[in-house]
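Asks: Got a structure here, written out as structure tokens. Questions coming.
The values are calculated or read from the model by the stated rules, or taken from the named source; none is laboratory data. Keep in mind that this is a model prediction, so the values were computed, not measured. So basically every Cβ, Gly included, is an ideal-geometry build from the backbone, and we count neighbours across all protein chains shown. Just the protein is used for accessible areas: all its heavy atoms, side chains included, with ligands, DNA and RNA removed. Shrake-Rupley method; radii C 1.70, N 1.55, O 1.52, S 1.80 Å.
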Amino acid sequence: MAHIDTAPDAAVCGRLAREVHDRIGTGLALALRRLDLLELTATGLTPAERARLADARAALLDTLGVAREVVSSLRGPAVAPAAPVRASLEGELRGFLRSMEPLGVQVQLRVDGDDSWVPPLIAGEVFVVVREALRNALAHAGGRRVTVRVCLAPHEVHAVVADDGVGFDASAPRAPGRANGLLGMEERARALDGTTTVTSAPGRGTTVTVWIPIKGDDIDD
Ligand SMILES: Nc1ncnc2c1ncn2[C@@H]1O[C@H](COP(=O)(O)OP(=O)(O)OP(=O)(O)O)[C@@H](O)[C@H]1O
Ligand SMILES: [Mg+2]
């Protein structure tokens, strides 16, 4: 399962835990509070607007829960994996797409295979990696079409996120402290002995592929 080769530096973990808790966690809690107040006091909202507010609230609550888990794992001995997928990978991805409400972009999502073949923790990691690739496609590509294809198999998970947008120079050196999304995707896949590849060039769209093996000892996770 997910592992790291070197012992994490306790001081660095402690500092990160404090930053996540005191800045990110607190900021999320504050945003949640402001949203609660808005829901209570706003008048004349349509049902659709209320539903959007409720979605925003649910997303904040989820993220706050994740921030808490990250802090706990930074304080404890284990590496923080993504939260296990609760229902189906397709359901999680469709839920994310619904809350993103992409405008002017056609997103095609297809998931083949059976969720029961994939340990929930691996499905959770795949979800986070695909979500980041999709978020990047919606945030940076400026294209008209994004396709997401996930293949679940008894011994592996394979996913491709492709857009027809502006592309970028994926081989250019990344400035330190930037590209945390791409780095996180690579690190999550590598921790599971898998790989990610980013194929892109200016003007030619971007394709991100993820491959994660499922080994015998993962099955009981
Ligand atoms: N699908 C894409 N189309 C065009 N450019 C992309 C795409 N994916 C990534 N990039 C480029 O790679 C950069 C790094 O992406 P990365 O996900 O690491 O960081 P980010 O999206 O800028 O920030 P964050 O993920 O922290 O919100 C982006 O800023 C963008 O320039
Ligand atoms: Mg990103």
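Asks: Checking GLY165 against (1) more than 16 Å from the chain's Cα centre (by Cα); (2) away from ligand 2 (no atom under 14 Å from the Cβ); (3) closer than 20 Å to ALA139 by Cα, which test does it fail?
Replies: (2)
Asks: Now, a different point. Let me confirm something: among ARG204, ARG149, ARG188, which residue is outside any strand (DSSP E or B), away from ligand 2 (no atom under 16 Å from the Cβ), of a type in the set (D, E, K, R) and in contact (Cβ under 8 Å) with a residue 24 or more places away in the chain?
Replies: Being outside any strand (DSSP E or B), away from ligand 2 (no atom under 16 Å from the Cβ), of a type in the set (D, E, K, R) and in contact (Cβ under 8 Å) with a residue 24 or more places away in the chain holds for just one of ARG204, ARG149, ARG188, which is ARG204.
Asks: Restricting to region 142-154, and then to whatever is over 21 Å from GLY104 (Cα atoms) and not β-branched (Val, Ile, Thr), can you tell me which residue is most open to solvent (accessible area, probe 1.4 Å)?
Replies: PRO154
Asks: Right, something else. Taking the stated definitions as given, is VAL157 at pLDDT 90 or above and either away from ligand 2 (no atom under 14 Å from the Cβ) or farther than 23 Å from VAL107 by Cα (or both)?
Replies: yes
Asks: Does at least one position in region 42-52 carry a residue that is of a type in the set (Asp, Glu) and in contact with a helix residue (DSSP H, G or I) (Cβ under 7 Å, 6 or more places away or on another chain)?
Replies: No, region 42-52 has no match at all.
Asks: For region 102-118, indicate whether the set of residues that are part of a helix (DSSP H, G or I), out of contact with any Ser or Thr (no Cβ under 6 Å at 6 or more places or on another chain) and more than 15 Å from ligand 2 (Cβ to nearest atom) is non-empty.
Replies: yes
Asks: If I filter region 164-199 down to residues being hydroxyl-bearing (Ser, Thr, Tyr) and open to solvent by 50 Å² or more (accessible area, probe 1.4 Å), which single residue comes out as farthest from ligand 1 (Cβ to nearest atom)?
Replies: The first filter runs over region 164-199 and keeps only residues hydroxyl-bearing (Ser, Thr, Tyr), leaving 171, 195-197, 199.
If we keep only those that are open to solvent by 50 Å² or more (accessible area, probe 1.4 Å) too, we end up with 171, 195, 197, 199.
Working: SER171: 12, THR195: 17, THR197: 13, THR199: 10 Å.
Ranking the candidates gives THR195 first.
Asks: Take ARG75 and tell me if it is touching a residue at least 60 places away in the same chain (Cβ under 8 Å), more than 26 Å from VAL198 (Cα to Cα) and either under 15 Å from the mean Cα position of the chain (by Cα) or surrounded by fewer than 17 Cβ atoms within 10 Å (Cβ to Cβ) (or both).
Replies: yes
Asks: Just need a number here: residues in region 152-179 that are part of a strand (DSSP E or B) and not hydrophobic (A, V, I, L, M, F, W, C).
Replies: Qualifying residue count, region 152-179: 3.
Asks: Follow-up. Among the residues of region 108-137, write down those that are open to solvent by 40 Å² or more (accessible area, probe 1.4 Å) and within 13 Å of ligand 1 (Cβ to nearest atom).
Replies: Scanning region 108-137 gives ARG131, ARG135.
Asks: How many residues are modelled with pLDDT under 80 and not in a helix (DSSP H, G or I) if we restrict to region 43-84?
Replies: 9
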